[in-house]
Protein chains: 2
Amino acid sequence: MKKQTLLTIANSTGLSVSTVSRVLSGKGEKYRISKATIEKVKIEALKSHYVPDLVAKGLRTKRTDIIGLVVPDIGNPFFASLSSIIIGDLKKLGYNVLLADSMESASEEAIALNMFVSRKVDGIIAVPVSKSPDLLENISKTVPVVLADRYFPDAGLPYFCTDNYAGSLMATNYLLEKGYKRILAVRGLNSVMPDKERVRGFLSACKSCNGKCVDYEIEGNMFSVRNGYDVTGKALSSAERPDAIFAFSSNILLGALMAVKEHGISVPDEIGLISFDNNGFFDYLNPAVTRIEQPLKEIGSGAVNLLNDMIRNGNKARDTVKKLIQPALVVRSSC
Amino acid sequence: MKKQTLLTIANSTGLSVSTVSRVLSGKGEKYRISKATIEKVKIEALKSHYVPDLVAKGLRTKRTDIIGLVVPDIGNPFFASLSSIIIGDLKKLGYNVLLADSMESASEEAIALNMFVSRKVDGIIAVPVSKSPDLLENISKTVPVVLADRYFPDAGLPYFCTDNYAGSLMATNYLLEKGYKRILAVRGLNSVMPDKERVRGFLSACKSCNGKCVDYEIEGNMFSVRNGYDVTGKALSSAERPDAIFAFSSNILLGALMAVKEHGISVPDEIGLISFDNNGFFDYLNPAVTRIEQPLKEIGSGAVNLLNDMIRNGNKARDTVKKLIQPALVVRSSC
DNA sequence: TATGGTTGCGCAATCGTTTGCATAAACAAT
DNA sequence: ATTGTTTATGCAAACGATTGCGCAACCATA
């Protein structure tokens with residue numbers, strides 16, 4: 001059971017490496033290799049358990065059929081679900097995936113991106129954590145790059161993302177219509193677009209509500225349970241406590257919920273809760289959580305298909321694709 | 001900004017490719033390259049933005065520093081968390097990760113494993129879904145393989161896994177001590193060891209309980225919310241309904257909880273619930289869920305470290321490492 | 001018997017590294 | 001002046017695949 005290569009097959013069939021290569025890569029007809037020869041080669045390949053060396057192939061062809069995917073935290077259900085969709089779609093198109101976890105660190109992300117380049121991936125899908133698009137833009141001159149979930153509005157990098165402004169508007173207006181008057185928004189990582197857009201939507205709704213909103217406030221700095229817990233806890237201890245909380249992520253919501261429970265405040269009567277993003281378990285909470293659900297499937301598949309286009313047809317899109325996809329309000333009973 | 005290779009650097013410095021290679025791969029001293037030359041090469045590499053071609057390097061050295069990781073469902077929080085640990089630990093050791101999602105399909109898994117071999121990964125970590133160890137054992141003759149979470153007890157494949165028998169025993173005994181007498185165990189995928197071992201633990205506890213247990217039953221066939229919901233629903237509608245449910249996974253528990261709620265039965269008074277495996281949100285449920293927590297960190301890190309050993313020191317372990325790690329009972333208020 | 005077209009395949013370069021084996025220059029020792 | 005040693009570097013093969021070009025053999029046509 002020695003290692004099998006094109007050469008070993010060539011030897012045992014009495015043919016040349018070229019011919020074997022052409023047969024095994026399906027180009028037999030194209031090169032007018034005879035039926036008999038094709039058969040002979042295929043049989044021998046099977047018998048000898050030949051496995052093509054994709055590393056060698058990659059070196060020669062300059063295509064690896066590998067896509068680099070970098071996300072801020074693969075343990076986070078949101079990114080796990082998104083990755084699941086992306087990986088599945090890529091597989092259907094014949095790509096494999098190098099996965100890197102930037103752990104919300106720009107320097108780790110940079111390492112991962114450079115690794116992708118060094119490994120000659122055919123394309124990159126990134127949920128960027130860096131504050132600057134510079135590295136990604138630079139890389140995108142060489143290899144196709146598509147962003148998902150997070151993005152840089154003014155950079156030349158295509159992206160697929162939830163319309164966070166619209167979603168935030170929707171959530172806030174829903175709270176106001178329900179009669180809540182003092183709303184606390186607990187925001188996440190201040191530097192990323194989704195967070196900024198959610199702030200914009202929230203403010204816009206609060207400011208143009210014809211007096212429905214008596215007071216509003218924005219606090220917080222991370223998409224974490226801890227942040228939700230801390231900010232909410234402080235607010236609940238203050239003189240004029242909010243009567244509704246808009247959590248900018250599902251983790252934030254869980255933290256907020258924890259604080260609310262500890263203060264013995266009842267949901268949704270004494271305080272309303274709404275979340276941006278679902279987490280798969282909100283329906284099992286008591287009360288089930290009303291939320292804005294993100295179009296994960298559209299984001300993931302959109303990014304994959306665009307990337308594939310860019311790889312196949314060259315980067316020749318007239319304009320950079322920048323897609324904001326509408327999220328949906330899913331009403332439950334937390335407000 | 002042309003593509004830079006060792007050759008381009010060799011030309012612009014007036015040195016040979018060999019020398020440049022040796023300097024840039026840190027073997028300068030070893031080959032007694034002069035300080036001056038080393039500096040010159042490094043400067044030029046920086047100036048020209050040289051990036052090593054890891055594909056070419058891989059072909060030449062037969063090492064890729066890539067590990068293949070295949071899991072049944074990366075969207076599942078359990079596998080996402082495990083993957084997060086594994087990927088993080090691998091990165092510290094200088095490995096990158098090709099991730100494949102077998103979607104609980106043995107044929108998809110086989111495709112992924114063969115892809116790993118073809119791509120010349122240095123090692124493989126698998127959470128296998130196949131019922132037979134044949135393919136994995138065969139592959140492990142060529143490239144180091146370590147299993148995590150799921151395993152084949154009699155195969156020559158090393159694994160790191162929760163002691164599911166002990167955990168199941170613990171959970172069941174806890175229910176019995178709490179006074180529950182009619183226990184329904186909702187099991188998952190019948191063909192995998194963790195499930196079988198949990199069954200064994202459950203039966204063992206029920207049978208040797210000195211009459212504490214009046215009735216017990218086992219049903220189910222998937223680690224899914226749906227399965228938990230269906231099995232529980234049916235049981236609750238039966239004449240002698242169970243007074244406690246032992247869910248063999250967190251997803252199953254959620255399904256069971258849903259059914260329990262729909263039947264208007266109160267937890268933990270009318271029915272007790274316990275789960276094998278945590279999901280990160282059990283503490284936010286009402287009541288919070290008592291569960292057996294799996295030692296994810298030990299499993300992930302253990303697998304990574306063993307694999308690294310096998311790669312570095314050759315497969316020369318005297319005996320195949322087979323580690324069952326003790327889980328922990330985390331008491332909350334669902335039973 | 002040239003001429004031309006078709007059929008079926010092989011030669012050899014190439015992708016970018018790494019590395020065993022020289023080797024040239026400089027110096028030291030005899 | 002010869003020999004030996006050390007220093008600093010280069011030559012060229014190798015990894016395993018792909019592919020442009022060439023060519024021999026065969027057949028048909030004129």
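Descriptive notes on the structure:
- Distances from A:K3 to itself in the other copies, using label points 7 Å out along the Cα-Cβ axis, amount to 2.3 nm in increasing order.
- Under-5 Å amide H pairs with A:R187, H placed in peptide plane, nonlocal only: A:E219, A:G220
- DSSP-loop GluC sites (Glu not before Pro) across region A:259-335, with at most 16 other Cβ within 10 angstrom: A:E270
- In the context of the full protein assembly, B:Y50 retains an accessible surface of approximately 50 Å², using a probe radius of 1.4 Å and ignoring ligands and nucleic acids.
- Entries in A:K120/B:K3; B:K57/B:K120; A:K42/A:K62; A:K120/B:K42 that, when Cα-Cα distance is taken, lie over 18 Å: A:K42/A:K62; A:K120/B:K42
- Take the Cα of A:K27, step 7 Å toward its Cβ, do the same at A:T61, and the gap between the two points is 0.9 nm.
- Close amide H partners of A:T162, meaning residues 5 or more places away or on another chain with modelled amide H under 5 Å apart, are A:D149, A:I325.
- For region B:250-257, Karplus couplings with θ = phi - 60° (6.51, -1.76, 1.60), whole Hz, Gly/Pro x: 5, 5, 4, 4, 4, x, 4, 4
- Positive-pole candidate from B:G201, A:A56, B:I125, dipole of the protein assembly as shown, charges at beta carbon: A:A56
- MRE, 222 nm, helices only [DSSP H, n ≥ 4, -39500 (n - 2.57), over the protein assembly as shown, to nearest 500]: -13500 deg cm²/dmol
- Filtered trypsin sites (Lys or Arg not before Pro), region A:54-97: DSSP coil and at most 13 other beta carbons within 10 Å: A:K62, A:R63
- Charge-dipole axis of chain A as Lys and Arg at +1 and Asp and Glu at -1 on Cβ define it, positive-most pick from A:T5, A:S140, A:A239: A:T5
- Listed by chain and number, the lysines whose alpha-carbon sits under 19 Å from that of A:K234, ignoring those within fewer than 8 places in the same chain, are A:K181, A:K261.
- A:K3-A:K131 FRET efficiency (beta carbon distance; Förster radius 41 Å; 0.05 resolution): 0.30
- Per the accessible-area calculation with a 1.4 Å probe, the total area buried between chain B and chain A rounds to 4200 Å².
- Along region B:50-58 the Karplus relation, 6.51 cos²θ - 1.76 cosθ + 1.60 evaluated at θ = phi - 60°, assigns HN-Hα couplings of 5, 10, x, 8, 5, 5, 4, 4, x Hz to successive residues, with x for each Gly and Pro.
- Accessible area of chain A divided out per residue, in Å², using a probe of 1.4 angstrom: 44 Å²
- Angle in degrees between helix A:225-237 and the longest Cα principal axis of chain A, rounded to the nearest 10: 10 degrees
- Think of the protein assembly as shown as a dipole: +1 on every Lys or Arg Cβ, -1 on every Asp or Glu Cβ, centred on the Cα centre; then among A:L257, B:F116, A:F223, B:F116 lies furthest on the positive end.
- Cα long-axis angle, helix B:164-177 against chain B (0 to 90 degrees, to the nearest 10): 30 degrees
- The listed residues B:K131, B:K181 rank as B:K131, B:K181 when sorted by accessible area, largest first, using a 1.4 Å probe.
- For region B:164-293, a simple Cβ point-charge model (Lys and Arg +1, Asp and Glu -1, everything else neutral) yields a dipole of about 260 debye relative to the Cα centre.
- Degrees between helix B:296-312 axis and first principal axis of chain B (Cα, 0 to 90, nearest 10): 30 degrees
- Label-point spacing for B:K141 across the identical copies (point 7 Å from Cα in the Cβ direction), in nm and ascending order: 5.0.
- Summarising the amide proton neighbourhood of A:N278: residues at separation of 5 or more, or on other chains, whose placed amide H is nearer than 5 Å comprise A:Q294.
- Length gained on full extension, B:K297 to B:S333: 10.4 nm, using 0.36 nm per residue less the C-alpha separation.
The values are calculated or read from the model by the stated rules, or taken from the named source; none is laboratory data. Computed from a predicted model, the values in this text were never measured in an experiment. Here Cβ is always computed from backbone atoms with ideal geometry, including for glycine, and neighbour counts include all displayed protein chains. These accessible areas exclude ligands, DNA and RNA; they are computed on the full protein's heavy atoms, side chains included. Shrake-Rupley method; radii C 1.70, N 1.55, O 1.52, S 1.80 Å.
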